[in-house]
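The values are calculated or read from the model by the stated rules, or taken from the named source; none is laboratory data. This is a predicted model, so every value here is computed, not measured. Don't worry about glycine lacking a Cβ; one is built from the backbone with ideal geometry, like all the others, and counts go over all protein chains shown. Only protein heavy atoms, including side chains, enter the accessible area calculation; ligands, DNA and RNA are left aside. Shrake-Rupley method; radii C 1.70, N 1.55, O 1.52, S 1.80 Å.
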Amino acid sequence: MYMIMIKIAEHMVEIKTDSKPILQWIQRHFKQVNSHNAIDLSINIKDGFGSSFTNYDVEILSESEFITYTRTDYKIKVDKMFQKADISVYNNFALKHAFTNLYSAFIIHHGWGLLFHSSCAIQKHRAYIFTGQSGAGKSTVAQLSTPRILLSDEAAIVNVSESEVKIYDSPFRSEILSTYELDYCEPAGIYVLNQSLEVQKKLIKKSDAAFVIMDKIFHWHHDSMETNKLLSMCKQLIEHVPIYQLYFQKNNTFWELIS
Amino acid sequence: MNSKYMCPSSIEMMEIDDEWIVMNTEQFTITKLNSMGAWILKNIKENLTIQEMIDEISNNFSVDKLAVESDIQDFIEDLEKKGLIKNAGKPSI
């Protein structure tokens, strides 16, 4: 049995697995630490589950002590306090999605924050978050932002509290792996992407921002109380961070406009 | 108009910039209401009848009761279609 500690945002996560390929995947994608700090989440990962990916539908079963998330290529069983979880996966693709699923549920459960479908780049010590529908240009914007530090290219980790919002370096990446140069950053704004012939930005009214934000959050709904926590954090996010429609061309000229 | 409606416990409301976002946490849907719409929904949560709300609006704003009744009825039907309220049946005497 292999056992390592990784750190995701503020959270210490213990990983146990018998699979060397899984261990190597974890080491490649997450920040391994040597730490005797308290463990926030302990995960046991097994391979050989199910069959290859068919669709994104996840069946959720909430019982008295456990919650189970099942997709054709992964299964997660986690206790209701989100302290210990078992993940069984078909392959690395399934493992990545299962991890995203579990961590999203973990941070929502603890009222700590949200996983937000977006890329995020740093400019002058502030985090610029780029979101939008599939194909809007999140990955493109991440690539166009070179050589700026990226905190995410797919799923940003957003820590939300009453007093502040912080964007953490996210290991949940699509293409551009993290180099862990920066732990977290305060947000400058959230930009909803629209490819256009002209470059401009328009501030979105806060009451309309909820409609823009809600479907960009990684969330597998199973419980009204958890959804209530998510709603409360959305409100705090909207109140702290300006949200814009950003119309951009496929070049980096948008940076002159937003920063 | 003595109909009573009820608001399921899965309905949560939050105010942002004088407008209200209403979420159905069971269906994971959101709806935006203005302040009058939110006032009606909040009063449904507090078990007022439609007639009680009509009376309060027409008295406070000196508005014709029939006009208020028609507007509220349309709005109630819309809330019901969106799954934000349910008809609780007529109150017993």
Practice task
Identify the single condition in (1) of a type in the set (S, T, N, Q); (2) within 29 Å of A:K202 (Cα to Cα); (3) in a helix (DSSP H, G or I); (4) within 15 Å of the chain's Cα centre (by Cα) that A:N101 does not satisfy, given that it satisfies every other one.
Solution key: (2)
Handout entry: Among the candidates A:Y184, A:Y191, residue that is closer than 22 Å to A:I258 by Cβ, at pLDDT 95 or above and away from chain B (no Cβ under 13 Å)
Key = A:Y191
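Suppose the filter is part of a helix (DSSP H, G or I) and within 14 Å of chain A (Cβ to nearest Cβ); does B:G83 pass it?
Judged against the criteria, B:G83 is not a match.
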Handout entry: Test: residue in segment A:142-163 that is in contact with a Pro (Cβ under 7 Å, 6 or more places away or on another chain), more than 14 Å from chain B (Cβ to nearest Cβ) and closer than 30 Å to B:L33 by Cα
Key = no
Problem - Qualifying residues in segment A:234-255 (those that are open to solvent by 10 Å² or more (accessible area, probe 1.4 Å) and in contact with a strand residue (DSSP E or B) (Cβ under 6 Å, 6 or more places away or on another chain)) - the one nearest to A:T140 (Cα to Cα) - result: A:Y247
Practice task
Filter segment B:1-22 down to residues that are at the interface with another protein chain (Cβ under 7 Å from one of its Cβ atoms) and over 20 Å from A:I243 (Cα atoms) and give me whichever is least open to solvent (accessible area, probe 1.4 Å).
Solution key: B:S10
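Is it the case that segment A:206-224 has a residue that's closer than 22 Å to B:I21 by Cβ and part of a strand (DSSP E or B)?
yes
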Handout entry: Which numbered condition A:S88 misses (of (1) open to solvent by less than 50 Å² (accessible area, probe 1.4 Å); (2) in a loop (DSSP other than H, G, I, E, B); (3) closer than 14 Å to A:K16 by Cβ)
Key = (2)
Fill in the blank from the handout: Counted residues in segment A:139-189 being open to solvent by less than 20 Å² (accessible area, probe 1.4 Å) and acidic (D, E) come to 2
Practice task
Sort out which residues of segment A:215-225 are open to solvent by less than 40 Å² (accessible area, probe 1.4 Å) and modelled with pLDDT under 90, and write them in order of number.
Solution key: A:H219, A:S224
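Let's see how each residue does on (1) over 24 Å from A:E175 (Cβ atoms); (2) of a type outside the set (K, R); (3) assigned to a strand (DSSP E or B):
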{"position": "A:Q32", "(1), (2), (3)": "no, yes, yes"}
{"position": "A:N55", "(1), (2), (3)": "no, yes, no"}
{"position": "A:L61", "(1), (2), (3)": "yes, yes, yes"}
{"position": "A:T70", "(1), (2), (3)": "yes, yes, yes"}
{"position": "A:K77", "(1), (2), (3)": "yes, no, yes"}
Fill in the blank from the handout: Residue hits (segment A:190-214; within 13 Å of B:I30 (Cα to Cα) and exposed (fewer than 14 other Cβ atoms within 10 Å of the Cβ)) are A:F211
Exercise for the section: Give me the pairs, please: first residue somewhere in segment B:23-38 and at the interface with chain A (Cβ under 10 Å from one of its Cβ atoms), second residue anywhere and of a type in the set (S, T, Y) and open to solvent by 60 Å² or more (accessible area, probe 1.4 Å), beta-carbon distance under 9 Å, and either six or more positions apart or on two chains. Expected result: B:T25/B:S9
Exercise for the section: Could you tell me whether A:I122 is in a strand (DSSP E or B), more than 15 Å from the chain's Cα centre (by Cα) and closer than 20 Å to A:E226 by Cβ? Expected result: no
Problem - Count of residues meeting criterion [facing chain B (nearest Cβ under 8 Å) and more than 21 Å from A:E63 (Cβ to Cβ)] in segment A:210-238 - result: 7
